[in-house]
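*Asks:* Here you go, one structure.
Computed from the coordinates by the stated procedures, all read-outs in this text should not be read as laboratory data. Given the structure is predicted, the values throughout are model-derived calculations rather than measurements. With ideal geometry, Cβ positions are generated from the backbone for all residues, glycine too; neighbour counts draw on all protein chains shown.
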Amino acid sequence: MTGFATKTLVLAFADNTKINASISIKSLNSRFFEATCKLPHIAAHLETDLIKILKKNLHRGHIYLTLHLKEPMLLKGTIRPDLAIAKSYIDSIRTIKKTFSLEGNTTLSDIIPLPNIFGSEEQEGNKSLDKQILEAIHDLIEQLIKARQKEGASLKKDLKKRMSAMRKFIIEIEKSANKLMSQKKQEVATVIKKIDDATEEPSDIRKSSLLLMLDKLDINEEIVRFRSHLESLSHQLENPKEEMGKKIDFTLQEMAREINTISAKCSDAKISSKAIDIKVEIEKTREQAQNIV
């Protein structure tokens, strides 16, 4: 979901004033949608609408939108004196003179440097200006989507590579599990035969505990479910839809749950080693899934 798009344009105002501006949109990885807009005063009223537009089109990620005016002083209106503030200064000076018996005349050059004696109002925007800004942002969103799609193509290759590795590891786990179960069944059969020969012992209870132990070691169901999730993940990559990233993340959570169960049920060294390899691939894939919208 990372991407960057920028554009320069000339904004035209109702009084024929023209000003150069630049707009940029940057997208960073995030599990959810977030938006940060940096706008000048003249476009601040558009922030809510812009966030809605960004969410509708980009769906996911931390989006930074910046509108920069290159000559903002052109937006300043006519400079006017603030007579109320000037009168307040003059009255205060007279009060100081009278209170402390001071002499001297107050001149214009004394008043001009005082703060807030002059003021100006920034030009207000209008529907025409809003339209120019919104059209430029729609163009940038299209550029950003194309950049995301380009990144997505290389991301898809990486995910397929990791899925292929997981398929290989789960096959190796299945082979080791089948071998382990075969060995344990033989051991249990031997023990049960000895139990049957020793008629004085409570054979049924011991047999049940041995069979229960075999059942706890059986990870076939977990392997089947893991493969099912893996195929579902492959199908999701080949049939992209909106909000696919979240669905992939949920699928990976289920895969992680199955492989954790496999690790817990089997203490075999080979199986544990391959389970760890799969966990590593799942975590790397989950990190990449945050790049998918």
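*Asks:* With +1 on the Cβ of every Lys and Arg and -1 on the Cβ of every Asp and Glu, and nothing else charged, how large is the dipole of the chain about its Cα centre, in debye rounded to the nearest 20?
*Replies:* Values: 49 positive and 42 negative charges, 129 e Å.
The dipole magnitude comes to about 620 debye.
*Asks:* Using only the alpha carbons of the stretch 83-194, determine the length spanned along each of the three principal axes and report them from longest to shortest in whole angstroms.
*Replies:* In descending order, the Cα extents are 122, 46, 21 Å.
*Asks:* With a cut-off of 8 Å between alpha carbons and a minimum separation of six or more residues, what is the relative contact order of the chain in percent?
*Replies:* On the way: 335 pairs, mean separation 60.5, N = 293.
Rounded, it is 21 percent for the chain.
*Asks:* Could I ask something else about it? Helix 244-265 versus the longest principal axis of the chain: what is the Cα-based angle in degrees, 0 to 90, to the nearest 10?
*Replies:* Between helix and principal axis, roughly 40 degrees.
*Asks:* Moving to a separate point now. For the chain, find the longest principal axis of its Cα atoms and tell me its angle to the long axis of helix 269-289, 0 to 90°, nearest 10.
*Replies:* Helix 269-289 sits at roughly 20 degrees to that axis.
*Asks:* Here's something else I'd like to know. Regarding the stretch 79-119, what whole-number volume in Å³ per residue does the convex hull of its Cα atoms give?
*Replies:* On the way: hull volume 2.5 nm³, N = 41.
In the stretch 79-119, the Cα convex hull volume per residue is 61 Å³.
*Asks:* Restricting to DSSP H runs of at least four residues, report the calculated mean residue ellipticity at 222 nm for the chain, -39500 (n - 2.57) per run over all residues, nearest 500 deg cm²/dmol.
*Replies:* Values: 8 runs with 182 residues, N = 293.
It comes out at -22000 deg cm²/dmol, rounded to the nearest 500.
*Asks:* Lys and Arg at +1, Asp and Glu at -1: add these up for the other residues within a Cβ distance under 14 Å of Ala35 and post the number.
*Replies:* On the way: positive: Lys26, Lys38, Lys52, Lys55, Lys56, Arg60; negative: Glu34, Glu47, Asp49.
Computed value for this residue: +3.
*Asks:* Pull out the extension gain between Ile276 and Lys56, defined as 0.36 nm times the separation in residues minus the alpha carbon to alpha carbon distance; nm, one decimal.
*Replies:* 75.3 nm
*Asks:* How far is helix 47-58 tilted, in degrees, relative to the longest principal axis of the Cα atoms in the chain, given as a value from 0 to 90 rounded to the nearest 10?
*Replies:* Helix 47-58 sits roughly 30 degrees off the main axis of the chain.
*Asks:* Sorted from largest down, give the three principal axis spans of the alpha carbons of the stretch 2-146, whole angstrom values.
*Replies:* 75, 37, 20
*Asks:* Check which residues have an amide H placed less than 5 Å from Gly61's amide H, if you skip close sequence neighbours.
*Replies:* Ser30, Phe32, Phe33, Glu34
*Asks:* What base-10 log of the normalised intensity I(q)/I(0) is obtained for the chain from the Debye formula, alpha carbons as equal point scatterers, at q = 0.07 Å⁻¹?
*Replies:* Ignoring solvent entirely, the Cα scatterers give -0.56.
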